[in-house]
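The values are calculated or read from the model by the stated rules, or taken from the named source; none is laboratory data. Please read all numbers here as calculations on a predicted model, not as lab measurements. When we count neighbours, we look across all protein chains shown, and the Cβ atoms used for this are built from the backbone with ideal geometry, even at glycine.
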Amino acid sequence: MTHAIAKLFQSYPEIAIFLALATGYALGKLKIRGFGLGTTASVLLVAMVLGQIEIAVPALLQNLSFALFAFCIVNMGDVHKSIKVIPCRHELRVSEGRSRSR
């Protein structure tokens, strides 16, 4: 049975990729006592397990998948939108020429 599944994945590597995505996504949504791995970590773990079958994935699909992964990781947090720059003024000038610290 496992030999037949390995043969199927070696013949059609796209099935293994989509299986890793779907299974990892489903596992990532599970929480046990409030703890969950998250979808990104779960997909990576499932892909590592499926990668032990030695599936030959075409180079174009490898490059496209890695580029998509890197794009998603960079845009996952939207850190640049959550940072607010607040100007800091050390002194406030009063119209009479005196200065006071804030």
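Some notes on this structure:
- Condition met for ARG102 (modelled with pLDDT under 80 and either surrounded by 10 or more Cβ atoms within 10 Å (Cβ to Cβ) or touching a Cys at 6+ places or on another chain (Cβ under 8 Å) (or both)): no
- Residue match in the range 89-96 (condition: closer than 30 Å to LYS7 by Cα, modelled with pLDDT under 85 and among the charged types (D, E, K, R)): no
- Among the residues examined, LEU44 does not qualify as in contact with a helix residue (DSSP H, G or I) (Cβ under 6 Å, 6 or more places away or on another chain), surrounded by 12 or more Cβ atoms within 10 Å (Cβ to Cβ) and touching a residue at least 12 places away in the same chain (Cβ under 8 Å).
- Scanning the range 12-66 for residues that are charged (D, E, K, R), over 25 Å from THR2 (Cβ atoms) and more than 15 Å from the chain's Cα centre (by Cα) yields LYS31, ARG33.
- Members of the range 9-37 that are farther than 24 Å from ILE53 by Cα and of a type in the set (Gly, Ala, Ser): GLY34, GLY36
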